[in-house]
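What follows is a single structure, written as structure tokens, with notes after it.
The numbers here are math on the coordinates, done by the rules we state, and not lab data. Worth saying up front: this structure is predicted, and the values here are computed from it rather than measured. Cβ placement follows ideal geometry from the backbone for every residue including glycine, while neighbour counts extend to all protein chains displayed.
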Amino acid sequence: MKALLNAIARLGRLFLDGAQHAGSMALFAVELAWVLIPTWSRPRDIFQQIYAAGVLSLVIILVAGGFVGLVLGLQGYNILSNFNASESLGVMVALSLVRELGPVVAALLFAGRAGSAITAEIALMKTTEQLAALEMMAVDPMRRVIGPRFWGAMIAVPLLAAMFSLVGIVGGYLIGVVVLGVDQASYWGQIREQMEAWDDVGGGAIKSLAFGAVIALISVYEGYRAEPTASGMARATTQTVVLSSLAVLGLDFVMTAFMFGA
Amino acid sequence: MNVQRGVELVVGLFVLAGIAALMVMALQWSNFGASRVAGYEVTARFDNVGGLSVLSPVKLAGLTIGRVDSIEIHPETFQAEVRMVIDDKYDNLPTDSFANIYTAGLLGAQYVEISPGGALESLEDGDRITMTQSAIILESVVSKFLFDKAKE
């Protein structure tokens with residue numbers, strides 16, 4: 001009986017912890033929103049962060065995009081040739097990348113590659129009391145440290161997702177047209193015919209923008225609220241990757257249901 | 001300062017590359033990879049082209065011999081005028097050849113199939129294939145079938 005009560009109490013504590021976490025993140029987001037525009041008074045800080053989060057993630061994003069495209073080309077060819085419709089390979093590869101895989105996989109990779117780095121950096125600054133020192137000098141760390149990192153990540157994700165999709169489509173072309181012999185003009189022609197500029201490309205861009213904002217928020221929040229110890233930093237970094245990945249996948253379902261459902 | 005400028009330059013390139021990737025995808029690959037086939041032009045008028053589009057293949061006996069170059073409405077007949085470019089290798093198609101619009105497989109793209117006729121003269125640049133058969137629209141086939149059944 002007592003064990004049962006304990007178990008129920010533990011469940012309750014888990015729920016309360018989760019609610020508290022979400023609540024303080026929402027408060028943090030409001031606080032962050034106030035400094036988002038003023039952060040642009042020092043655009044160089046933001047460029048520096050776009051470089052650190054975006055440009056340095058290019059290699060992993062482009063290589064991953066290429067391989068995803070190659071696999072999609074192979075699998076798509078196998079399936080479509082059953083229906084004698086391998087001419088549609090181009091549009092299948094392009095639509096799956098632009099609508100779904102580009103934004104989602106790029107966001108997941110970004111969370112692991114750059115989100116964790118942002119969290120670790122901010123958490124270390126906090127642990128070594130650099131943030132407190134900034135405050136002592138009347139420099140707002142939200143504006144100088146958190147804001148630029150948020151912007152940098154949020155701007156980088158949609159751009160990376162677009163490049164991921166493009167490289168993937170070229171990968172599908174390589175395997176489909178060059179290796180498996182799908183008709184070249186059909187590959188591009190079908191894409192041109194059936195892909196909508198606003199619905200598909202625009203929808204994918206909106207998705208990846210939202211993913212960028214979510215990953216950026218989680219990364220800076222976890223760093224800023226990290227326990228100022230070595231293990232606290234480790235926990236914060238892990239938390240960033242886990243939460244960002246789950247948030248991206250969950251949000252993806254909701255956004256897909258709204259944009260492409262019905 | 002120098003380092004800062006390098007960073008700005010790289011970030012600028014990065015942003016441009018991202019926007020360019022979006023643009024290329026959004027602008028429907030305008031002419032990307034469309035490498036026009038060298039060849040001669042032939043037109044054909046269809047009552048209905050269905051899902052035929054620019055760059056759709058033109059086939060002879062199942063092999064691709066050309067591409068659809070443009071599809072326009074002919075102003076007098078209100079038919080769709082399909083302009084095709086056919087590879088110069090196949091310049092001996094008889095003038096009374098037949099042009100059909102077929103669908104590749106169940107879900108596939110539509111294409112023009114040329115069935116050669118028996119005339120001695122060959123099609124030349126700018127000629128028109130007069131005998132055509134439109135794309136088969138599933139609804140009209142089904143309704144025809146149903147009406148015939150009802151009559152019985």
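Miscellaneous remarks
- A full extension of the chain between residue A:41 and residue A:59 corresponds to an added length of 3.4 nm, given 0.36 nm per residue minus the alpha carbon distance.
- Take every Cα pair under 8 Å whose residues are at least 6 apart in sequence, average their separation, divide by the length of chain A, and the relative contact order is 31 percent.
- Mean residue ellipticity at 222 nm, helices only, chain A: -25500 deg cm²/dmol; runs of at least 4 DSSP H residues each add -39,500 (n - 2.57), and the sum is divided by the number of residues.
- Extension gain for residue B:53-residue B:125 works out to 23.8 nm (0.36 nm per residue, less the C-alpha to C-alpha distance).
- Axial C-alpha extent at least 24 Å, average Kyte-Doolittle at least 0.0 - helices from chain A (DSSP): A:2-39, A:58-82, A:147-173, A:203-224, A:230-259
- Counting neighbouring beta carbons within 10 Å and listing from fewest to most, the residues A:42, A:10, A:192, A:143 come out as A:10, A:42, A:143, A:192.
- Distances between placed amide hydrogens fall under 5 Å for residue B:127 paired with B:43, all partners being 5 or more residues away or on another chain.
- In degrees, nearest ten, helix B:2-26 long axis to first principal axis of chain B (Cα): 10 degrees
- Modelled label positions at residue B:20 and residue B:92, each set 7 Å beyond Cα in the direction of Cβ, lie 4.8 nm from each other.
- Alpha-carbon centroids, segment A:39-55 and segment B:47-84: separation in whole Å: 51 Å
- If you plug the beta carbon distance of residue A:249 and residue B:3 into 1/(1 + (r/R0)^6) with R0 = 30 Å, you get a FRET efficiency near 0.20.
- Surface/4 of the Cα convex hull for chain A, nm²: 18.7 nm²
- For residues of B:6-19, the mean tally of beta carbons on other chains within 10 Å: 6
- Degrees between helix B:138-151 axis and first principal axis of chain B (Cα, 0 to 90, nearest 10): 30 degrees
- When both bridge partners sit in the protein assembly as shown, DSSP labels roughly 75% of those beta bridges antiparallel.
- Each peptide among A:82-90, B:144-152 gets the average number of other Cβ atoms lying within 10 Å of its residues, and from highest to lowest they stand as A:82-90, B:144-152.
- DSSP bridge pairs, chain B: antiparallel proportion in percent, nearest 5: 75 percent
- Where chymotrypsin sites (Phe, Trp or Tyr not before Pro) fall in DSSP loop in segment A:1-69, at most 16 other Cβ within 10 Å: A:40
- Förster radius 25 Å - calculated FRET efficiency between residue A:227 and residue A:30 (Cβ-Cβ, nearest 0.05): 0.65
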